[in-house]
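Input: a single structure, listed below in structure tokens.
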Amino acid sequence: MRKRLNKWTALVTVGAMTMTLLSGCQKAASTDGTGQTSKAEETTQTTAQTTTAEEKKDTADAGSTPRNETLYFNGQQWGTINDWNPLSSNSNNAMAITQQDNARTIVYETLFMYNMLDGKLYGLLGKDYSWNDGQTELTITINPDAKWSDQTPVTAQDVAYTFDCHKKYATAQGSDYSNYIDTVEAKDDHTVIFKAKLDDKGLPVNPLKVVEYVPKIYVMQKAYLQKVEQRNGNDADKIKQDRMDDFVASGPYKSYYNDDQKVVFVRDDNYWGKALWGKLPAPKYITHVIYENNAAGDTAFKSGEVDVSQQFITNVQKLWEEDGLPISTYIDEAPYGVCATMPTAFFNVEKPGLDRKEVRKAIAMAVDYDQIIASAMSNQSPSFKDVPRSIMNPTSGEQALVNQDALKDYQFTGNDVEGAKALLDKAGIVDKDGDGIREIDGKNLTFKAECPDGWTDWNASLEIVAAAGSKIGIGIETYFPDANTFYDDMTTRKFDICMWNPPAASVANPWGRAMAFMSTDYAGLKVNWTGNYGGYINEDANNLLKKIPLETNKDTLKEYYTELSRIYLDEVPSFSLMYRPMLFHAVNESVWTGFPQLDDGDNIPPTDCTDGYGIAALYNLVNVK
Amino acid sequence: MKNQIRQIFHSPKFTVGFIIFAALLVLTVFYPLIVTNDPLEMVGQGNFFKPGTYISVSEAVNTNPYTLNLNASSSRLEQNLSMEERMAMADWLNQFAGISSKEMDVTDAGGLVSLWKDHYDSASEQKGLIAARKKYFSRLDKKITGLLEDTDVLLAEKNQETGEVSVKKTIPSTSYVNVKDVGSRRVFILGTDNFGRDVLTELVAAIKTSLKIGFIAGLIATTIGLSLGLIAGYLGGIIDDFILFITNLFTVIPSFILLILISYSIGKNARGVMMVAIIIGLTSWTWTTRSVRSQVISLRNRDHVNLSKLSGHSLFRIILTDILPYIASYVVMALILQISSGILAEAQLSMIGLGPATTTVSTLGLMMNWAMSYSAHLNGDWWAYFPVIISIALISFSLNLMNTGLDQIFNPQLRE
């Protein structure tokens, strides 16, 4: 009797568990049971619910803010923030400090904002800029309205002193730009002059790098910098490690709350930019919850807890096509975003085997790029058949600078296993010992292809590269170490094949990208964070790279870039695996709407409402009613 | 012996376990004979294609059509516009065209669509509507336009020389093809994975690999465990102390951590199926040693063993003929458990990316790993991971069932 009872209990338990499991797998039932509730009403309901939930939490949870006044992000900040210091080289405060070609200007501000859609600079702290004739002096006038958060005006002295500090304390930015910018001088309170460094002939070393500084490097307050210098006794290392918790900045947001769970910024209602933009940015708070991993971030994004997602989402279109969520991307169809960069596999050309261009080209020819784009990137990239290879990204501005007809003979679109085999056979690189792997001087051609662990789409791409290797008799093993090990391998050339992003859209590109692919200068660096990680050296290419920054004639530039692309495709020091957006930009319109869209006429780039000119989007947002 | 086997198969638990296990084994043997495709071939260009039959469109177009009078455009509308979509349309018309809900009848798709066609304009401002919704309506409009098309689809041909396009064939909307007439097709019973590989084919190959790893790991672990246990238990003394010391040492170190460390240090290329199996085997022998040893200790002073000793039999012979047969049933059960845990260990290892290389072999853990990284579990692509979980569950369930069944027969305490 008892045994039977036991059996029944077991059966019931198993049954119950299965049912729970299955009900968990069910899709969320649609709420419009009555059939007439509109989507807008639904979303208000959810907003109302989340708001009340949020309010309830308020008492218990520090740093909570009302849902309908807060814009939530994911995919930018992955750990507790360590400082507010733009001079630091290991700041992880991604939302506040991201000094790149499209700098993030919600806390600190740059002189100008770069817009990758039209390639122009838009004024922020700066108002106008102009070159003198020889491109030796760049004059910038400061916006007279600009003020620091302590209400003192932003002056030309601040701009000059910021550069001086970068140079004096040899920050990462300072050591780079001091090669191209000699001095930054304040002519008067509102005019600042960038003097380019000159070479022996009296020509500027590189005017492009001077302009590049402008939308990239934050302006800091002179008085505050002096305070920091004083409290650290002018010690460079200490200054670079100062947490700067009491920072003074000029941007629309300031620090509100942060811990290991999230970072919250609050709008500065006295922000000077009201004069520039005509109003304040819409969200009162900006919050980035620190998620454990992509999956956690995705789940939050889908449920409407995150408004702007900077994460790669597999088959993002399914979210609206199948799940009917109020989620959209900048473009409604593939590739869903503006691809401005191209993750690239760099060959270490010092490795025996990879020093032969036939081997490099054969690997590049055999890889199935369509498969990478369709599966690893789930079609969020145009194919190399639509946008043939060159050193350009797929934006129309850059494509106009290359003559694709001249590159036809050098193109490869991938999955050409026979062609790759023939190339290797012709070069006498064959498999003599019959183990399926070709040899050079009796040594098997086996290489490691690496990228950081957990970068899903990159991991999958390298697996596809490895699969191509095995088809043409070259052993390629994938290796996914943690990010820090990878950085070490990449910057000190301890890799065979490594994957990294060349510079995306910037005022100095495509020149900067061409440098990252082929610059001899970079090849010689001991610790190389800048580009040409594989150490490729080509004098012809290097000469062209030196000529480009001084050239202003578009036709000549096109000629130079075409020749560079030809060398690049012929020699294959590295090869791009896909095109990719600089930032992923998907938005959930449960709470906020008015995000930039293709063809909305606003010319705001999809840079997560924070980067470069993309910050203009913050002023257009409205609550969903 | 015969009697014993009969006895074993009288145990319902053992029989069920055995049948499941044998079925899996048969599957791995016979499936590759029928479906000869390479399990690692990336067939589908894209991730997670749904399960189903895929037929070639270009062949379908060129196949002789059958005319079926099924598809008048109004019934097409009725069939293809879901209630949800009709509600949304009614909503839009109500909100932006000022048509009261009384004038509309959502059960009449034709009427609704004609109202829609009259009033909808994707360029209109649609104030208060979020972008995602605007895009939804413009997609819906596109769908309706497609459904309304009554004209034939034209198939054009390009002249190689002149580049001119001429009509090759017209396809009326009443044309149907019989799926059997289309030669080029591929059935994905369980869809495809993130690399576009056929999940079922891959799964069968993975089960085979996992079983192989389990067997090898189990055999190695059992062999090491058994020999050390026998020696330690029978000889006793300082040798016993020494072996026990080593065993305890390995018991204290969590074997999974050891497994991770070794796997990590030998690198991915060296980590083939064989190597992974050996590593697992080498890290999981300890408890077999301990239990065999204690069994042998209780056996070694039995009369028949002493008798053998007095008769001058060699150590090897005593262990082989007087001790081993008494613990054989136990060893078999231990082997079964070791196999099961070996398979699980491989799955765990591959899950964290320390298994064999993705491009060389498919294993259950690797399949789980990629399905997880491509968030199949979040996107509802169940076919990429659920069958894998079921397979792992079935394998270890069947093995454990067999083990329990054997236990009931051989363990006198459990005998009914």
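The values are calculated or read from the model by the stated rules, or taken from the named source; none is laboratory data. From a predicted model like this one, the values you see are computed outputs, not experimental measurements. Heads up, the Cβs are rebuilt from the backbone with ideal geometry, glycines too, and the neighbour counts pull from every protein chain shown. Remember, those area values only see protein heavy atoms, side chains included, never the ligands or the DNA or RNA. Shrake-Rupley method; radii C 1.70, N 1.55, O 1.52, S 1.80 Å.
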Original post:
What pairs can you find where one residue is in the range B:85-108 and at the interface with another protein chain (Cβ under 9 Å from one of its Cβ atoms) and over 18 Å from B:LEU147 (Cβ atoms), the other is at pLDDT 80 or above and open to solvent by less than 10 Å² (accessible area, probe 1.4 Å), and their Cβ atoms are less than 8 Å apart, with a gap of 6+ or different chains?
Top reply: B:SER101/B:ALA90
Original post:
Restricted to the range B:388-410, and to residues that are open to solvent by less than 40 Å² (accessible area, probe 1.4 Å), away from chain A (no Cβ under 14 Å) and not small (Gly, Ala, Ser), which residue is farthest from A:THR314 (Cα to Cα)?
Top reply: B:ILE409
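Answer yes or no: is there a residue in the range B:338-352 that is within 12 Å of another protein chain (Cβ to nearest Cβ), part of a helix (DSSP H, G or I) and buried (at least 21 other Cβ atoms within 10 Å of the Cβ).
At the first step, the residues of the range B:338-352 found to be within 12 Å of another protein chain (Cβ to nearest Cβ) are B:352.
Okay, now just the ones that are also part of a helix (DSSP H, G or I), so none.
No, the range B:338-352 contains no residue that is within 12 Å of another protein chain (Cβ to nearest Cβ), part of a helix (DSSP H, G or I) and buried (at least 21 other Cβ atoms within 10 Å of the Cβ).
Need at least 2 residues that are of a type in the set (A, V, I, L, M) and without any contact (Cβ under 8 Å) to a residue 40 or more places away in the chain per element, so show me which helices (runs of 4 or more DSSP H) inside the range A:510-625 make the cut, counting only ones lying wholly within it. Step through it out loud before you land on a result.
Values: elements: A:511-518, A:520-523, A:539-547, A:554-571.
Answer list for the range A:510-625: A:511-518, A:539-547.
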**OP:** Keeping to the range B:253-274, report how many residues are touching a residue at least 24 places away in the same chain (Cβ under 8 Å) and either within 18 Å of B:ILE220 (Cβ to Cβ) or open to solvent by less than 20 Å² (accessible area, probe 1.4 Å) (or both).
**Re:** 9
**OP:** Among the candidates A:GLN49, A:GLN45, A:GLN36, single out the residue that is modelled with pLDDT under 90, within 14 Å of another protein chain (Cβ to nearest Cβ) and over 30 Å from the mean Cα position of the chain (by Cα).
**Re:** A:GLN36
Original post:
Counting only residues that are open to solvent by 60 Å² or more (accessible area, probe 1.4 Å), within 14 Å of chain B (Cβ to nearest Cβ), free of Cβ contacts under 8 Å to residues at least 40 places away in the same chain and more than 22 Å from the chain's Cα centre (by Cα), how many does the range A:418-469 have?
Top reply: 3
Original post:
Within the set of pairs 6 or more residues apart or between chains, which connect a residue that is outside the structural domain of A:SER576 (by TED's automatic domain parsing) inside the range A:388-413 to a residue that is modelled with pLDDT of 90 or more and part of a loop (DSSP other than H, G, I, E, B) with Cβ atoms less than 6 Å apart?
Top reply: none
**OP:** Would you be able to say whether some residue in the range B:323-337 is farther than 27 Å from B:ALA232 by Cβ, crowded, with 20+ Cβ neighbours inside 10 Å and away from chain A (no Cβ under 12 Å)?
**Re:** no
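State the number of residues belonging to the range B:130-171 that are of a type in the set (S, T, N, Q) and either in a strand (DSSP E or B) or within 14 Å of another protein chain (Cβ to nearest Cβ) (or both). First the steps, then the outcome.
We begin by selecting, within the range B:130-171, every residue of a type in the set (S, T, N, Q); these are B:138, B:145, B:151, B:159-160, B:162, B:166, B:170.
From the residues that got through so far, the ones that are either in a strand (DSSP E or B) or within 14 Å of another protein chain (Cβ to nearest Cβ) (or both) too are B:138, B:166, B:170.
Selection size over the range B:130-171: 3.
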Subject >> Among (1) at pLDDT below 90; (2) open to solvent by 10 Å² or more (accessible area, probe 1.4 Å) - the single one B:THR363 does not satisfy >> reply: (2)
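Restricting to the range A:569-625, count the residues that are closer than 30 Å to A:PHE346 by Cβ, hydrophobic (A, V, I, L, M, F, W, C) and open to solvent by 20 Å² or more (accessible area, probe 1.4 Å).
2
With respect to A:ILE429, determine if the residue is farther than 30 Å from A:GLU551 by Cβ, assigned to a helix (DSSP H, G or I) and assigned by TED's automatic domain parsing to the domain that holds A:GLU551. I'd like the intermediate steps shown before the answer.
Numbers: farther than 30 Å from A:GLU551 by Cβ: yes; assigned to a helix (DSSP H, G or I): no; assigned by TED's automatic domain parsing to the domain that holds A:GLU551: yes.
No; evaluated as a whole, the condition is false for this residue.
Scan the range B:8-26 residue by residue and report those that are among the small types (Gly, Ala, Ser) and buried (at least 19 other Cβ atoms within 10 Å of the Cβ).
B:SER11, B:GLY17
How many of the residues making up the range A:312-352 are hydrophobic (A, V, I, L, M, F, W, C) and either more than 14 Å from chain B (Cβ to nearest Cβ) or at positive phi (or both)?
Keep residues of the range A:312-352 that are hydrophobic (A, V, I, L, M, F, W, C), which gives A:312-313, A:316, A:319-320, A:325, A:327, A:331, A:334, A:338-340, A:342, A:345-347, A:349.
The next check asks that each one be either more than 14 Å from chain B (Cβ to nearest Cβ) or at positive phi (or both); those that pass are A:338-340, A:342, A:345-347, A:349.
Number satisfying all stated conditions: 8.
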Original post:
Before we move on, is A:GLU305 over 20 Å from A:GLU450 (Cβ atoms) and without any contact (Cβ under 8 Å) to a residue 60 or more places away in the chain?
Top reply: no
